[in-house]
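The values are calculated or read from the model by the stated rules, or taken from the named source; none is laboratory data. On a predicted model such as this, the values are computed, not experimentally measured, just so you know. Counting neighbours? That spans all protein chains shown, and the Cβs are built from the backbone with ideal geometry, glycine included. Please note that ligands, DNA and RNA were not included when accessible areas were found on the heavy atoms of the full protein model with its side chains. Shrake-Rupley method; radii C 1.70, N 1.55, O 1.52, S 1.80 Å.
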Amino acid sequence: MFNRDNWQEIFETIQKNKLRTFLSGFTVAIGIFIFVVLFGFGNGLTNTFNKFFGDDATNVFFVFPGRTTVPYQGYKANRSIEFDNGDLKDIKKNFPLFLEYITPRISRGGLVKYNNESNNYTTQAVGPSHQLNEKTIIMFGRYINENDIEKKTKIAIIGRLVAKDLFKSKNPIGEFIDITGSSFKVVGVFQDDGGDNEERKIYIPYTTRQLIEKNTDKIDQIVIGFKPQIGYAGAMAFQVSLEKYLRSKKFISPKDQNGIFVRNVADQLKQNQQLAVVLQWIVSLVAFGTIIAGIIGISNIMVFVVKERTKELGIRKALGATPKSVIGTILLESVFITTISGFIGMMIGIGVLTSLGKSLDAYFITDPYIDMGVAIFATIILIVCGAIAGYVPARKAARIKPIVALRDE
């Protein structure tokens, strides 16, 4: 392998056959390049699914009231279902083994003012546990607490972009804002990894919203966080039990799919993760297909190379070259070209993935990447296969008798 004459002969052969060498190397490089890029895109799809669920808690149910479609136990169809504060207490009482937290949510939109600044924002009336659900990060001040709920205080926690819009560079803590005609004291500023829409929200105590709306106890939806230790199977069992309980309490037929709706984030996450895995496998199979195509390409080229050099090999054997040295020369040339081309294709592919960055977010591919270990492993596989592709025709050529090789045209 480290024989100087062998390497000199290889470089001379490459110099004399530039087109052939280029085609051999290009086949290998493009195969690795396509593999790296496609595999990186597959990882980018997985990142997109994880990012979609990553900014909120995943051990959560969202329970929405609906409208019945069939009569049940003396109640007519087309009846609007409503949730109230009593439902919160009953769920806490009946499902203590599953429940980690529970919070209502009442969403309203409207004009918010501060001095001469104003804009329309979504205001969500929630409980203290809502911070766990949204993974809300408090930048300044504090979040809603139980004292706010009990005393129905008029306090507000505003998003980072709300603070920027209304207060500019001024500290908003302790200032009062007008939310659709009611004055609220700003006690906190938050940020949210969910993006700009999340940071243009305002949180207030749900009991305060109920007080403003004629002292009602109605709520729009219920957010339930279950204990992570119950696992996926426990979460599904909890969902079934919860739906059954609420249907019984609200007199909704078990066959009525529209009376209430439960969105199980854990179930959605599992389904999307399974989809992401399937897509990753599909992309990986296509990527490995390009490697196989590269192996076939280099194999065909090596067959042609050996055939082209048949007379040359016959002369070398006539001069005393052993079959082992003939095989070694051809094999070393094949491995050398495959190795250099493979690593060039790998590095270009990694460079393309790195340069793409966030430019493919619109196509649901977030931060595409490939582990260096996977890229090197795929390159080594192609190098090994390239060696095999060179060995088979070289072994065949080494068996040809010199007199037969010299007759070849």
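Numerical summary
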| quantity | calculated |
| --- | --- |
| Test: residue in the range 209-217 that is surrounded by fewer than 19 Cβ atoms within 10 Å (Cβ to Cβ), under 16 Å from T103 (Cα atoms), modelled with pLDDT of 90 or more and more than 25 Å from the chain's Cα centre (by Cα) | yes |
| Lone unmet requirement of (1) without any contact (Cβ under 8 Å) to a residue 24 or more places away in the chain; (2) surrounded by 18 or more Cβ atoms within 10 Å (Cβ to Cβ) for G351 | (2) |
| Residues of the range 117-145 satisfying the condition of being outside any strand (DSSP E or B), modelled with pLDDT under 95 and open to solvent by 70 Å² or more (accessible area, probe 1.4 Å) | L132, K135 |
| Per-region count, the range 71-88, residues more than 16 Å from F261 (Cβ to Cβ), in contact (Cβ under 8 Å) with a residue 40 or more places away in the chain and among the hydrophobic types (A, V, I, L, M, F, W, C) | 1 |
| Candidates I344, I337, I370 - the one that is assigned to a helix (DSSP H, G or I), modelled with pLDDT of 70 or more, β-branched (V, I, T) and within 23 Å of N43 (Cα to Cα) | I344 |
| Test: residue in the range 120-128 that is farther than 30 Å from G225 by Cα and of a type in the set (A, V, I, L, M, F, W, C) | no |
| Residues located in the range 162-182, provided they are more than 18 Å from D196 (Cα to Cα) and crowded, with 19+ Cβ neighbours inside 10 Å | P172, I177, I179 |
| Residue within the range 146-161 that is among the β-branched types (V, I, T) and surrounded by fewer than 17 Cβ atoms within 10 Å (Cβ to Cβ) present | no |
| Test: residue in the range 248-266 that is more than 31 Å from the chain's Cα centre (by Cα), touching a residue at least 40 places away in the same chain (Cβ under 8 Å) and assigned to a helix (DSSP H, G or I) | yes |
| From the options F226, F238, residue that is closer than 26 Å to Q124 by Cα, surrounded by 14 or more Cβ atoms within 10 Å (Cβ to Cβ), at pLDDT below 95 and of a type in the set (A, V, I, L, M, F, W, C) | F226 |
| Condition met for Q280 (open to solvent by less than 80 Å² (accessible area, probe 1.4 Å), part of a helix (DSSP H, G or I), at negative phi and in contact with a Gly (Cβ under 9 Å, 6 or more places away or on another chain)) | yes |
| Check on I14, of a type in the set (A, V, I, L, M), surrounded by 16 or more Cβ atoms within 10 Å (Cβ to Cβ) and at pLDDT below 85 | yes |
| Meets criteria (surrounded by 16 or more Cβ atoms within 10 Å (Cβ to Cβ) and over 30 Å from K76 (Cα atoms)) for G194 | yes |
| Residue within the range 68-88 that is modelled with pLDDT of 90 or more, among the β-branched types (V, I, T) and in a strand (DSSP E or B) present | no |
| Qualifying positions in the range 160-184 - touching a Ser or Thr at 6+ places or on another chain (Cβ under 9 Å) and either without any contact (Cβ under 8 Å) to a residue 40 or more places away in the chain or not in a helix (DSSP H, G or I) (or both) | F176, I177, D178, I179, T180, S182, F184 |
| Residue list for the range 185-229, filter: in a loop (DSSP other than H, G, I, E, B) and farther than 27 Å from V265 by Cα | E213, K214, N215, T216 |
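The rows are residues; the columns are (1) in contact (Cβ under 8 Å) with a residue 12 or more places away in the chain; (2) of a type in the set (D, E, K, R); (3) open to solvent by 40 Å² or more (accessible area, probe 1.4 Å).
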| residue | (1), (2), (3) |
| --- | --- |
| L331 | yes, no, yes |
| I337 | yes, no, no |
| I340 | yes, no, yes |
| S355 | no, no, yes |
